[in-house]
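Beneath this line is the structure, given in structure tokens, with notes to follow.
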Amino acid sequence: MAKITEDHVLQALSQVNDPDLGRDLVSLDFVTQLHLDDQAIALTVKLTSAVSPHAVALEQSIRAALAPIAGTRTVAVQFAADPPAGGEKTPNIKYILGVGAGKGGVGKSTVAVNLAVTLAQLGAKVGLLDADIYGPSVPIMLGLRDYKPAVNAKRKIEPAQAHGIKAISMGFMVDAQTAVAWRGPMVGRAVTQLVEDVDWGELDFLIVDLPPGTGDIILSLCQAIPLSGAVVVSTPQDVAFADVLRAVKMFSMLKVDVVGLVENMAYFRAPDTQKDYEIFGNSAATIQCPQYGIELLGRLPLDMAVSPNADAGRPIVAAEKSSNQADLYRTIAARVASRLAVLVDQKTSLAEVGKDFFGQRPAQ
Ligand SMILES: Nc1ncnc2c1ncn2[C@@H]1O[C@H](COP(=O)(O)OP(=O)(O)OP(=O)(O)O)[C@@H](O)[C@H]1O
Ligand SMILES: [Mg+2]
């Protein structure tokens, strides 16, 4: 059998690109372990996210690239999720994702809860922070109405656990009547505490259900929480797209990348025939997103099973795991994970370029 060295293997792997980042595995330094002998080539490759929709395809590309040099050796590929480290204050949390909207009632909380549970079902470690001081609905949606958070032995606030995720809500800490009278800075401080003083442990994703609108409270919140990105939720009635654009503008002012848009209650799927009815006419999001360079992460139908299940503490993706809603949420979750990996990589690369150029990291 032809003698090969580690260099041959790395040369072959330099033909394989990470599907999210579009650069090759070797220059990304993503091959973390390599073992080579006459019987086997065994390698460990980094994934940008704990939920990688591309792992299967990536393994196929790696095998195809190694086939010409492997001979009769077996090829063993292992993946290790190793997203970038979290921020200074939250080193154990890889990505913090806000879910917001220009206005209320569009399904932010529904999307935040179901996205969080879906990411957990796909294998990620997930926390959910309900930062909506006006109408915290996570306690109801997760069946945690009576949860009373306590301080644990580590002197941290113990989050609730439900449907595979950890969760904390402003609603656990203060009653809505009191909190509504708070000004922005107070809300900012309270939420900072929920991010930093809750015993989240290691998290791949912390999903934050933001209050509606673009006013003082949400500005303070976004300044208090080091968001890696934000998902905007909309409904199709807003043909002018005005609320979406207001939310996108607010996030860009705050230097928070918009990961994409979820159009909720976008059409009606009849439960008896499974036929789809575009009851609001053409989809505003489908037409307008490309014009504004916004990624359309998915369109979720109005579904009669969503609300009663949510009121009973069962997110639809947990109540009906093989439903159409659950499928759509899996697609959205995979897109979110990919987009976050790309956005954070771009930011890091820019900071690295800046470091070389200025001799130090530019101010964030
Ligand atoms: N796709 C859907 N199909 C059917 N009902 C839905 C869907 N999405 C959300 N709902 C229902 O619509 C109502 C509003 O949703 P939700 O509370 O998630 O909105 P919100 O944007 O968080 O509202 P708020 O601004 O009050 O926080 C809830 O009763 C929820 O169960
Ligand atoms: Mg809500």
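Below, the figures for the structure above:
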quantity	calculated
Number of the exception - Thr178 against (1) within 14 Å of ligand 2 (Cβ to nearest atom); (2) open to solvent by 60 Å² or more (accessible area, probe 1.4 Å)	(1)
Filter result (basic (Lys, Arg) and open to solvent by 90 Å² or more (accessible area, probe 1.4 Å)) within the range 237-290	Arg246, Lys249, Lys255, Lys275
Residue in the range 194-203 that is under 24 Å from Val262 (Cα atoms) and open to solvent by less than 20 Å² (accessible area, probe 1.4 Å) present	yes
Single match in Met265, Met253 (criterion: at pLDDT below 90 and more than 16 Å from the chain's Cα centre (by Cα))	Met253
Residue in the range 319-338 that is farthest from ligand 1 (Cβ to nearest atom), counting only those that are part of a helix (DSSP H, G or I) and open to solvent by 30 Å² or more (accessible area, probe 1.4 Å)	Arg335
Subset of the range 212-254 (residues that are in contact with a Gly (Cβ under 9 Å, 6 or more places away or on another chain) and among the small types (Gly, Ala, Ser))	Gly213, Gly215, Ser220, Ala224, Ser228, Gly229, Ala230, Ser234, Ala242, Ala247
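For every residue, the table says whether it meets (1) part of a loop (DSSP other than H, G, I, E, B); (2) more than 24 Å from the chain's Cα centre (by Cα); (3) within 17 Å of Val75 (Cα to Cα); (4) free of Cβ contacts under 8 Å to residues at least 12 places away in the same chain.
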{"position": "Leu10", "(1), (2), (3), (4)": "no, yes, yes, no"}
{"position": "Asp38", "(1), (2), (3), (4)": "yes, yes, yes, no"}
{"position": "Ala42", "(1), (2), (3), (4)": "no, yes, yes, no"}
{"position": "Ser49", "(1), (2), (3), (4)": "yes, no, no, no"}
{"position": "Glu59", "(1), (2), (3), (4)": "no, no, yes, no"}
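The values are calculated or read from the model by the stated rules, or taken from the named source; none is laboratory data. Please read all numbers here as calculations on a predicted model, not as lab measurements. All Cβ positions, glycine included, derive from the backbone under ideal geometry; neighbour counts span all protein chains shown. Areas reflect the complete protein model, heavy atoms only, side chains present, ligands, DNA and RNA absent. Shrake-Rupley method; radii C 1.70, N 1.55, O 1.52, S 1.80 Å.
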